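K.L.:
So that we are looking at the same thing, I have put the structure below in structure tokens.
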Amino acid sequence: MHIPRLSIIIPCYNNGILLSEMLGCILHQTYDNWELIIVDDGSTDDTPEMVTAFAATDSRIRLIRRDREPKGATTCRNIGFDHAQGEYLMFFDADDLISDTNFERRVAFMDANPDADYASFPAKSFTDSNHLPTITDKGKSWGVGTESMDVLTSLLYGDYLFAVWCNIYRRASLVPFRWDEKVKIYQDFDYIITCMNGNLTHRFGYQDRLDYYYRINQASGNNICASFSRNGKHASTIYLFGKTLDTLSRREDYNRRRDEFFHFIVLNFRRYIIESADRQIMKDYIAFCRSRYPEKVGRMRFITNMSIYLPNRMVRQKVSALLCMALFGCR
């Protein structure tokens, strides 16, 4: 039986139309020694039938249905990992796009850098698949950097230098690391932190062109960033932030990393204010902060009282930004 060198795992839920665009990109790859594992999260549209039709024409495509709880992308990624056979592995999103040379360039880089457990490649966001960006276009790029950069500092500040879809991994290196199925938001952050603190060796791959395009402003409404405080995400955030601080506490540079991570704490705090999260959510969040950053809580309460009940979202955003900058030095 032929064993593919590269496994791609894509969780999906009611993404049929957009997933078909990603499948089109995959079928046009210049590298052909791959398997695609699509893990359906209980779709209620025609996504499973669409994937089945693609799989009928190409044996490298497999559809797996999530067969256990909990529901969510993290569970689907773990299920996909359990079925993956490739030497290399990538996690993609169902509604994004990739360049025709994505697989070829990523595999070539890993072959040429046997010391790397994983490597990141350039990506940008897009809103219109007919006008994809280039690496020289303005706007944020992911997966762009040098080996001298402190990736952990950027991540703890809430500034992702790369997301998991920028990366190719050695599957053997990931065996000890599972996606945490309790995490409902900031999932990439959690997985990257897990890999970094597991002493995996990271490299920045070829930097001359984009190979991944991240879709935003989706009409489907499935964008995870649409809400930071609803659908169980608030409880998950407190769990994740506590877990992250516990992980950082095992480092010799814990005090420095704790201070850096407070910038992310404040970033999420401001998101709650901008959303005008309810009083119980704010009470829970400030209680968590009191347990981890007791010296900061008085100022957080002041910012909350001055900002959260303003009726206009834009005003809440501006006022909270000014107060967080003035009182914490956080943008």
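The values are calculated or read from the model by the stated rules, or taken from the named source; none is laboratory data. On a predicted model such as this, the values are computed, not experimentally measured, just so you know. Here the Cβ is made from the backbone with ideal geometry for all residues, glycine too, and neighbour counts use every protein chain on show. Remember, those area values only see protein heavy atoms, side chains included, never the ligands or the DNA or RNA. Shrake-Rupley method; radii C 1.70, N 1.55, O 1.52, S 1.80 Å.
K.L.:
Between exposed GluC sites (Glu not before Pro) in the chain, where DSSP calls loop and at most 13 other Cβ atoms lie within 10 Å, what's the longest gap?
P.N.:
Longest run free of exposed loop sites: 1-146.
K.L.:
Considering only protein heavy atoms and a 1.4 Å probe, what is the carbon-and-sulfur percentage of the accessible area of the chain?
P.N.:
52
K.L.:
Let me ask you something else. What length, rounded to one decimal in nm, is gained on full extension from Gln207 through to Arg279, with 0.36 nm per residue of separation minus their alpha-carbon distance?
P.N.:
Length gained, Gln207 through Arg279: 21.4 nm.
K.L.:
Given C-alpha coordinates of region 174-331, what is the ratio Rg to Rh with the Kirkwood estimate of Rh?
P.N.:
0.99
K.L.:
Percent relative contact order of the chain, based on C-alpha pairs within less than 8 angstrom and at least six residues apart?
P.N.:
Worked out over the chain, it gives 16 percent.
K.L.:
How far apart, in nanometres, would the label points at Met306 and Thr57 be if each is projected 7 angstrom from Cα along the Cα-to-Cβ direction?
P.N.:
Between Met306 and Thr57, the label points sit 6.0 nm apart.
K.L.:
What Kirkwood hydrodynamic radius, in Å, does region 250-298 give when the mean of 1/r is taken over all pairs of distinct Cα atoms and then inverted?
P.N.:
One decimal place: 11.7 Å for the Kirkwood radius.
K.L.:
If the only charges are +1 at each Lys and Arg Cβ and -1 at each Asp and Glu Cβ, what is the size of the charge dipole of region 179-331 around the Cα centre, to the nearest 20 debye?
P.N.:
Taking the Cα centre of region 179-331 as origin, the dipole is about 540 debye.
K.L.:
A follow-up question, please. If you build a Gaussian network model of the chain, linking Cα atoms that sit under 10 Å apart, which residue out of Arg65, Arg105, Arg251 swings the most?
P.N.:
Arg251
K.L.:
Also, quick follow-up: Which distance in nm do the two modelled labels at Leu27 and Ala112 give, with both placed 7 Å along the Cα-to-Cβ direction?
P.N.:
So the two model labels end up 3.1 nm from each other.
K.L.:
Compare the peptides 130-136, 300-306, 234-240 by average per-residue count of other Cβ atoms within 10 angstrom and give them in order, highest first.
P.N.:
Ranking the peptides 130-136, 300-306, 234-240 by packing returns 234-240, 300-306, 130-136.
K.L.:
Also, I was wondering about something else. Charges at C-beta only: +1 for Lys and Arg, -1 for Asp and Glu. How large is the resulting dipole of the chain about its Cα centre, in Debye rounded to 20?
P.N.:
1780
K.L.:
Let me ask something else about it. Given (i) 5, 24, 33, 25, 11, 2, 0; (ii) 6, 26, 36, 24, 8, 1; (iii) 5, 21, 24, 23, 17, 7, 2, 0 as candidate values of P(r) over Cα pairs in 10 Å bins from 0, in percent, which corresponds to the one derived from the coordinates?
P.N.:
(i)
K.L.:
Run the quick spin-label model on Thr44 and Val175: label points 7 Å from Cα toward the beta carbon, then report their separation in nm to one decimal.
P.N.:
Each label point lies 7 Å from its Cα, and together they span 4.1 nm.
K.L.:
Quick one: grab the alpha carbon gyration tensor of region 112-231, order the square roots of its eigenvalues as a ≥ b ≥ c, and give me rounded if a/c is under 1.5, else prolate or oblate depending on whether a/b is larger than b/c.
P.N.:
Oblate, since a/c reaches 1.5 and b/c is not below a/b.
K.L.:
Please check which bits of region 102-121 a label hung off Ser148 would reach, taking the label as a point 7 Å along Cα-to-C-beta and the cut-off as backbone N under 20 Å.
P.N.:
The answer is 120.
K.L.:
Okay, next question. With just the Cα atoms of region 249-331, tell me how far they stretch along each of the three principal axes, in Å, largest first.
P.N.:
On the principal axes, region 249-331 reaches 45, 24, 18 Å in Cα extent.
K.L.:
Mind listing which trypsin sites (Lys or Arg not before Pro) in region 134-204 are in a DSSP loop and have 13 or fewer other Cβ atoms within 10 Å?
P.N.:
Qualifying residues, ordered by number: Lys138, Lys140.
K.L.:
If one takes the longest principal axis of the Cα atoms in the chain, at what angle in degrees, from 0 to 90 and to the nearest 10, does the Cα axis of helix 313-328 lie?
P.N.:
For helix 313-328, the angle is close to 70 degrees.
K.L.:
Shifting gears a bit: What do the square roots of 5 times the Cα gyration tensor eigenvalues come to for region 39-187, in whole Å, largest first, as semi-axes of the equivalent ellipsoid?
P.N.:
With the √(5λ) rule applied to region 39-187, the semi-axes are 26, 20, 18 Å.
K.L.:
I would also like to ask the following. Per q in 0.13, 0.14, 0.25 Å⁻¹, report the Debye log10 I(q)/I(0) for region 1-99, using one uniform scatterer on each alpha carbon and no solvent.
P.N.:
-0.39, -0.46, -1.51
K.L.:
Additional query: Compute the long axis of helix 47-57 from its Cα atoms, compare it with the longest principal axis of the Cα atoms of the chain, and write down the angle in degrees, 0 to 90, nearest 10.
P.N.:
30
K.L.:
OK, next. I'd like the distance separating the alpha-carbon centroids of region 142-193 and region 1-72, in whole Å.
P.N.:
23
K.L.:
So, R0 is 51 Å and r is the distance between the beta-carbons of His131 and Ala287; what FRET efficiency does that work out to, to 0.05?
P.N.:
So the FRET efficiency works out to roughly 0.65.
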